[in-house]
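Enquirer: Starting off with a structure, shown below.
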Amino acid sequence: MKITPLALTALLALGTTISYAAPASEIWTSQCAKCHGADGAGKTKIGAKLKLKDYTDATVQSAMSDEEISKAIKQGITVDGKEKMKAFSDIPDDDVKALTAYIRTFKK
Ligand code: HEC
């Protein structure tokens, strides 16, 4: 196969996406905070509409397991056939783990 400069650029771009691992706090800020809030309390405009749980609340925290948190991130949340939170299936497992731990730090 002849590698054209264009194909090479595409390959390099792909490589950067795959190997890029952002810290959990960065993923939270860029992808989650608009709904869940920077502090995880869900006190955003969208959060109020979607009736988001308050992750600073110790009771809310103890009601969800690490598995449930990871599952929500990987598979999203669907209620009555309606997608409430999309699946972030492109977030690598290691980052999902880090995000789960990060969500735990919201507890007051
Ligand atoms: C479009 C708004 C929206 C975005 C963006 C969003 N979520 Fe959600 N999320 C929801 C809704 C709605 C629920 C269901 C209600 C609830 O549990 O508060 C939810 C639930 C959750 C749960 C709860 C699981 C449980 O068992 O209670 C976790 C954990 C979660 N989201 C993490 C994340 C993470 C991490 C991100 C970013 C990668 C994210 N969310 C982005 C709307 C969103």
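Enquirer: How would 56, 78 line up by accessible area, probe 1.4 Å, largest first? Could the numbers behind the result be given before it?
Expert: Numbers: 56 20, 78 90 Å².
Most to least solvent-accessible, the answer reads 78, 56.
Enquirer: Can you list residues whose amide H is under 5 Å from residue 84's amide H, if they're 5+ apart or on another chain and H is modeled 1.01 Å from N?
Expert: Here 77, 78, 79 satisfy the definition.
Enquirer: Residues with beta-carbon under 10 Å from that of residue 66, excluding residue 66: net charge, scoring Lys, Arg +1 and Asp, Glu -1?
Expert: Numbers: positive: 71, 97, 104; negative: 67, 68.
Net local charge, residue 66 excluded: +1.
Enquirer: For a quick check of understanding: with a 1.4 angstrom probe and all protein chains in place, what accessible area in square angstrom does residue 26 have, to the nearest ten?
Expert: About 90 Å², ignoring ligands and nucleic acids.
Enquirer: Given region 22-104, report the % of alpha carbon pairs whose separation exceeds 17 Å.
Expert: 45
Enquirer: Give me the lysines in straight-line cross-link reach of residue 84: C-alpha distance below 30 Å, same-chain residues under 8 apart excluded.
Expert: 34, 43, 45, 49, 51, 53, 71, 74, 97, 107, 108
The values are calculated or read from the model by the stated rules, or taken from the named source; none is laboratory data. From a predicted model like this one, the values you see are computed outputs, not experimental measurements. Cβ atoms come from the backbone with ideal geometry, glycine included; neighbour counts cover every protein chain shown. We work out accessible area using only protein heavy atoms, side chains counted, and drop any ligands, DNA or RNA first. Shrake-Rupley method; radii C 1.70, N 1.55, O 1.52, S 1.80 Å.
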